[in-house]
1. Quick check: net charge around residue 174, other residues with Cβ under 14 Å of its Cβ, Lys/Arg +1 and Asp/Glu -1?
2. Under the 0.36 nm per residue contour assumption, what length would be gained going from the current alpha-carbon distance of residue 291 and residue 389 to full extension?
3. Please determine, in degrees from 0 to 90 and to the nearest 10, the orientation of helix 122-132 with respect to the longest principal axis defined by the Cα atoms of the chain, where the helix direction is its Cα long axis.
4. Using a 1.4 angstrom probe with every protein chain in place, what is the largest-first accessible-area order of 379, 253?
5. Along the Cα→Cβ direction, 7 angstrom out, place labels at residue 239 and residue 44. What is the inter-label distance in nm?
6. Would you kindly calculate the mean projected area, averaged across all directions, of the convex hull enclosing the Cα atoms of the chain, in square nanometres?
7. How high is the FRET efficiency from residue 131 to residue 252, r the C-beta distance, R0 51 Å, rounded to 0.05?
8. Once you have the Cα-Cα distance between residue 456 and residue 271, take 0.36 nm times their residue separation minus that, and quote the gain in nm to one decimal.
Amino acid sequence: MKCRIFFFGRSKQQEKLQDFFANDFERAALVYGRRRVGKTELLKHCLKKGTISSVYYECKETSEENNISGVSEIIGDALALPPLAFSSFEQVLEFLFRRAGESPLIFVLDEYPYLRRVITGLDSIIQSLVDRYRSSSKLKLVLCGSYVEVMKSLLDEQNPLYGRSGLVLHLKAMDYYESSLFYSSFSSEDKVRLYSVFGGIPYYNRLINPEKSVRENIIALIASPGSRLESEVIMYLKSEIQKMANAYVVFETLAKGYAKFADILSQSKVSSSPTLVDVLEKLIRMDVVKKTAPINDANNRKKAGYHICDQLTLFYFTYIYRNLSRLAVMDSDVFYDRFIEKDFEEQYVPRAFENVCTQFLIRKNQRKELADDFEKIGTYYFDDPRNHKNGEFDIVAEKDGKYVFYEAKFRKEPVDQNMILKEIGQVENTGFDCARYGFFSRSGFSAIDESLQKKLVLFDLNDMF
């Protein structure tokens, strides 16, 4: 008996793909995103939901001849045709464009960079066919790929395919809420913990066992020798980056909490600023690192920060990579107790909770469900002349010069009035004028005066899930 695989989330992306398939005037689409982000499942799900005939082919890292043989068999099966023979991939494409002269047909070339690598001038071949059959064929050509840099190059003005794509879909990791649909039976607290480790990558989230605890899932999937995801991070990085030494030390430095460029350079011992710039830019293009800047000083390069945005990569370099030799010889439960548990609960998850809270606010804002809607959200740089220090507030939203300050508390105890007043006092000491103050609490709130509540917006985990 086959196990049914459910498809979660991606409603906006599904809608865009369905609109593209139904549009009589658009002929080509680009769908790309990092490995494991769910491109293939999204496309297959949309093809199954639709009524248009389709051919899906995953390109192979092999010769043109082998790809021709493979796609010929797929076309024959999909369209109920006798054995087909082609001498070039251009003939394959031309056959499909002609075949779709009367009835619509969708042709998906997944992992397109593999095919592009072995067929010289393939971009130009496709451009020529798209232009030639624009008005006489109803073929919908979808080029999909995991090599983000290669796929983005198809959008460059000098590329033959420039301007030919009616839909460009850069698939990113899911947010905390869509990710939680994969493990809906867990408590809200544990959903935050699971997201902090496995992030928004559907492939990782499908591996989570609802019969096991968070701890047991972490040990089984990444914190034990030979676990399913133990080598996942390194394999992904190796597939994208040729010279890995600098990337590893940069990841280790970021995982320790160093975010400013100068600090990363000094702590990582990377040989030079240009070398570090190259590494960081590559990791940003791979969607595993993000660059941030305070919303009140966005153009100040010295205040920009770099952070690992892929949660599994962050967890791996925080706890696993630096302890690989220990992991290989220790009992997995003892390893977890000694090198993960305390820091995970007290530091790692609370930091991830801030990210979850920001995502929650963005979801609410996009749905027009916030009384204090905003146009920007992020960190806010401050100077505190009274205490002779400076720093950043982690979650601040802004619209028309009015700011709302948010504080996220992932604590066992409820947030009480004294704690709220202390946080407000710290903000006021900097001279930062806020219209309202928001608080997120894992464990709810204890008695707060009604007069104070008027200037507050309070959220607990029930609101977020």
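1. Once all neighbours under 14 Å are counted, the net charge is +4.
2. Full extension of this stretch gives 32.9 nm more.
3. That works out to roughly 70 degrees.
4. Largest to smallest exposure gives the sequence 379, 253.
5. Here the answer is 1.5 nm between the modelled labels.
6. The directionally averaged projection comes out at 26.7 nm².
7. 0.55
8. 61.8 nm
The values are calculated or read from the model by the stated rules, or taken from the named source; none is laboratory data. Computed from a predicted model, the values in this text were never measured in an experiment. All Cβ positions, even for glycine, are placed from backbone atoms using ideal geometry, and neighbour counts span all protein chains on display. Accessible surface areas use protein heavy atoms only, side chains included; no ligands, DNA or RNA. Shrake-Rupley method; radii C 1.70, N 1.55, O 1.52, S 1.80 Å.
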